[in-house]
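K.L.:
Quick one: structure below, then a few questions.
The values are calculated or read from the model by the stated rules, or taken from the named source; none is laboratory data. Everything numeric in this text was worked out from a predicted model, so none of it was measured. Backbone-built Cβ (ideal geometry, glycine too); neighbour counts: all protein chains shown.
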Amino acid sequence: MLFVRDRDELPEGEVARLEKQGNVFVLPVREVENLLLDADAVAGFVNAEREGAGVTAEQAETAMRKAADELEETVVLKRVLAGLPSVRLADNRLRGRLARERADADGVAAAVTARIPLREDVEAEIRRSWVAHATAVRSVWDTDWRQLAPGADVLKTVLQEFLGRGYSKDVDGPVLARLIPQPPEALRQVFDAFMAEG
């Protein structure tokens, strides 16, 4: 079985691990909707749905960029949160060790609470991570906003502005995709590789 999945906030190490499996292809953009952020297609979609709208590709581009810019800090927030380690209070190894030691309630409490990170350490890590991610995102935002911003949220904001309604992945996504004359190169490469593996 082969899988194509959104990149979301996956760190590069996790992307490499998934792709090394040979049956997982990670999109080069945050989510598949990012591939629909085509100004001509969005303008055509709006004009087909609302007669007389007269939305130009330039207006659609401006609206998409504005919506994306409003989400820049959200991109940073999601990256910071995705990078936080999950705190596993008990796992099989700990359970096995505690069972072998015939730990009592005090022993279990001490072993489990020792795994809880200090609040100060978590706060320091969040602040360090925030600065690092904000700097990284800001450094490429002007050229890469189409790949980085949550694409579905951008489309939702743009359609709300032009049509007074949100975006439906199931209904609007396929219609928008049909309005793009050539498949995005990034998606074509992924599916070519997908089919070659199949």
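K.L.:
Quick test of your reading of the structure: R165 fulfils all but one of (1) of a type outside the set (V, I, T); (2) assigned to a helix (DSSP H, G or I); (3) over 17 Å from the mean Cα position of the chain (by Cα). Name the failing condition by number.
P.N.:
Here R165 meets the rest and fails (2).
K.L.:
Oh, and also: Quick check on the range 12-35. Is at least one of its residues of a type in the set (D, E), assigned by TED's automatic domain parsing to the domain that holds V158, under 30 Å from A136 (Cβ atoms) and buried (at least 18 other Cβ atoms within 10 Å of the Cβ)?
P.N.:
Checked against the condition, which is being of a type in the set (D, E), assigned by TED's automatic domain parsing to the domain that holds V158, under 30 Å from A136 (Cβ atoms) and buried (at least 18 other Cβ atoms within 10 Å of the Cβ), the range 12-35 yields at least one hit.
K.L.:
Taking the condition of being of a type in the set (A, V, I, L, M, F, W, C) and over 14 Å from the mean Cα position of the chain (by Cα), how many residues in the range 123-158 meet it? Working first, answer last.
P.N.:
From the range 123-158, those of a type in the set (A, V, I, L, M, F, W, C) are 124, 126, 130-132, 134, 136-137, 140-141, 145, 148-149, 152, 154-155, 158; that's our starting set.
Cutting the leftovers down to over 14 Å from the mean Cα position of the chain (by Cα) gives us 124, 126, 130-132, 134, 136, 140-141, 155, 158.
Matching residues across the range 123-158 total 11.
K.L.:
While we're looking at this one, here's another question. Look at E125 and say whether it is under 17 Å from L77 (Cα atoms) and either in contact (Cβ under 8 Å) with a residue 12 or more places away in the chain or part of a helix (DSSP H, G or I) (or both).
P.N.:
yes
K.L.:
How do the helices (runs of 4 or more DSSP H) wholly within the range 1-96 filter down when requiring 3 or more residues that are of a type outside the set (K, R) and under 21 Å from the mean Cα position of the chain (by Cα): which remain?
P.N.:
Values: elements: 12-20, 39-49, 57-70, 72-83.
It comes to 12-20, 57-70, 72-83.
Matching residues to (1) modelled with pLDDT of 95 or more; (2) farther than 21 Å from P85 by Cα; (3) charged (D, E, K, R):
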| site | (1), (2), (3) |
| --- | --- |
| A124 | yes, no, no |
| R128 | yes, no, yes |
| T157 | yes, yes, no |
| D172 | yes, yes, yes |
| Q182 | no, yes, no |
| A193 | no, yes, no |
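A quick yes/no check of all residues on (1) in the same structural domain as L35 (by TED's automatic domain parsing); (2) surrounded by 11 or more Cβ atoms within 10 Å (Cβ to Cβ); (3) of a type in the set (V, I, T):
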residue	(1), (2), (3)
A63	yes, yes, no
A90	no, yes, no
R95	no, yes, no
R102	no, no, no
R115	no, yes, no
E120	no, no, no
T143	no, no, yes
K156	yes, yes, no
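K.L.:
Go through the range 131-179 and give me each residue that's farther than 14 Å from V42 by Cα and polar (S, T, N, Q).
P.N.:
T135, S139, T143, Q147
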